[in-house]
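Below is one structure, written out as C-alpha cells; the observations come after it.
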Amino acid sequence: MARSKKKVKVRWGRIFGALFFIGIFMVGLVQVIDYIGTTIQALNQPLKKVEANQSFQGEKTNHKTDPFNVLLLGSDSRGEEQARTDTIMVAHYNPQTHKIKLISLMRDMYVSIPDHRKQKLNAAYSLGGPDLLRETIKENFGLDIHYYATIDFQGFEKAVDLLAPNGIEVEVPYEMTAGIGMTLEQGTQVLHGKELLGFVRFRQDRLSDFGRVQRQQEVISKLSEEVASFNSVKKLPELLGLLHTHVDTNLEPSTLLKIGKDVLTEKGGEIDTLRIPEDDSFENNRYEGIGEVLEVDFEQNKERLKEFLGENESLQD
C-alpha cells in the first residue's frame, strides 16, 4: 500500500519577508558607500601628494565610460629620493563591465628607459619617478597608463591589519628569513600585516622574482576577498584615512570608491591576473654593473597584453 505524501505547507510570507530584508541590506550597503563617496566629493579632499606630482602625464581618458589603466607601485623609500620600487603592477578597470584585471611587471626586465641607457625596469622609478616609469612601460610594451598610485609599505601593513584582523592564510613554500627582519616557517601559516609584507617582499626565492610575483598576486586576491566581506563596510572611514596618509595618487577619490564599490558588490567577478614576461618569452642574462636581468621578447609580450586586455583597450597599435 503506497504511503500518502505529507503536504508541506510553504510559508511564503516568511520567504518574502526574508528576501525583503536581504534586499534592504544590499541597498543599504550600496547607499553607505555612495554616501561616503558623496561626502568625500563634497569635501573635495585630494589624496596625499597629488599636487606634488602634476608632472605625471598619463594618457587622457573618460574614466566614467572608458577602460583605464592604473600604475600600482609599492615603495619603501624611507625618505630617499632615489628609491626603487619593489612592486610594479598595472590595474586595468572597465567601468562598463566593472571588471578588474591585474598585470604584474617583473622589475628585472632589461628595458630601454627614455633619455637613459638600458636598465632594469624598476630603475626607471628611481631615475624619474612614476612618470618616467610610465614612459618606459609605454615605449617597451605599448601599454598606455592613465593614472598611478604608490603605497608605502607601512600603509600596506596597516591596511592588512584593518581589513583582515585575524590574518591571511598562505602557504609558505620554505623557510623565509633573509632580508625581511623575521623568520617565516615552512607550511600553512596565518600571517598579519608585518609578516605578510615580509612574505611578499622576500627576495631569496628559489624561483627568483617569479615566486615573489606569484606571492604578490595571491595576497592581493585574498585581500580582495576580505574587502568584499560585510565587516569591511564598517571600516571604510578608517580605510579612507589610511589612503590619505599612505597613498600617493592622481586618481580622484570618487573613482577609487567606484572601483571599491564594484569589489564590495562583486560586480566584476574574480580578478584576472597576468605576469609579464610570460613563459617562454625571455632569457636570463647578466650585465656588468647591472646584475641579473631578463632579456624579453617584447613583441610576444605586447601581443599577450592585447589578448589579455581584449579589443579596443588602451594599447597603441
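The values are calculated or read from the model by the stated rules, or taken from the named source; none is laboratory data. As the structure is a prediction and not an experimental result, all values here were calculated from the model. Every residue, glycine among them, receives a Cβ derived from its backbone with ideal geometry; neighbour counts consider all protein chains shown. Note: areas computed on protein heavy atoms with side chains; ligands, DNA, RNA excluded. Shrake-Rupley method; radii C 1.70, N 1.55, O 1.52, S 1.80 Å.
From Y148, Y93, which residue is touching a Leu at 6+ places or on another chain (Cβ under 7 Å), touching a residue at least 40 places away in the same chain (Cβ under 8 Å), buried (at least 17 other Cβ atoms within 10 Å of the Cβ) and hydroxyl-bearing (S, T, Y)?
That would be Y148, the only listed residue that is touching a Leu at 6+ places or on another chain (Cβ under 7 Å), touching a residue at least 40 places away in the same chain (Cβ under 8 Å), buried (at least 17 other Cβ atoms within 10 Å of the Cβ) and hydroxyl-bearing (S, T, Y).
Where the second residue is open to solvent by less than 40 Å² (accessible area, probe 1.4 Å) and of a type in the set (K, R) and the first is under 19 Å from E299 (Cβ atoms) and lies in region 112-140, which pairs have Cβ atoms under 8 Å and are six or more apart or on separate chains?
So the pair list comes out as L121/R107.
Only residues in region 212-226 that are closer than 12 Å to I271 by Cβ count as the first member; pair them with residues that are open to solvent by 20 Å² or more (accessible area, probe 1.4 Å) and among the charged types (D, E, K, R), Cβ under 9 angstrom, at least 6 apart or cross-chain, and list the lot.
Taking only residues 6 or more apart or on different chains, the pairs are Q217/R275; E218/E171; S221/E270; K222/E169; S224/E270.
Residues that are among the hydroxyl-bearing types (S, T, Y), within 29 Å of G310 (Cβ to Cβ) and at pLDDT 85 or above, at least 2 per element: which strands (runs of 3 or more DSSP E) completely within region 119-232 meet that?
147-152
Identify the residue in region 264-299 that is among the polar types (S, T, N, Q) and either assigned to a strand (DSSP E or B) or at pLDDT 90 or above (or both) and, among all such residues, is surrounded by the fewest Cβ atoms within 10 Å (Cβ to Cβ).
N284
Could you list, in sequence order, all residues of region 133-143 that are in contact with a helix residue (DSSP H, G or I) (Cβ under 8 Å, 6 or more places away or on another chain) and surrounded by fewer than 19 Cβ atoms within 10 Å (Cβ to Cβ)?
E135, G142
Listed here are the residues, each with its yes/no results for (1) modelled with pLDDT under 80; (2) farther than 27 Å from D205 by Cα; (3) open to solvent by less than 50 Å² (accessible area, probe 1.4 Å); (4) not β-branched (V, I, T).
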residue: Q41; (1), (2), (3), (4): yes, yes, no, yes
residue: N44; (1), (2), (3), (4): yes, yes, no, yes
residue: Q57; (1), (2), (3), (4): no, yes, no, yes
residue: E80; (1), (2), (3), (4): yes, no, no, yes
residue: R107; (1), (2), (3), (4): no, no, yes, yes
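Quickly run through region 161-180 and pick out the residues that are farther than 14 Å from Q214 by Cβ and touching a strand residue (DSSP E or B) at 6+ places or on another chain (Cβ under 8 Å).
Across region 161-180, the qualifying residues are N166, G167, I168, E169, E175, T177.
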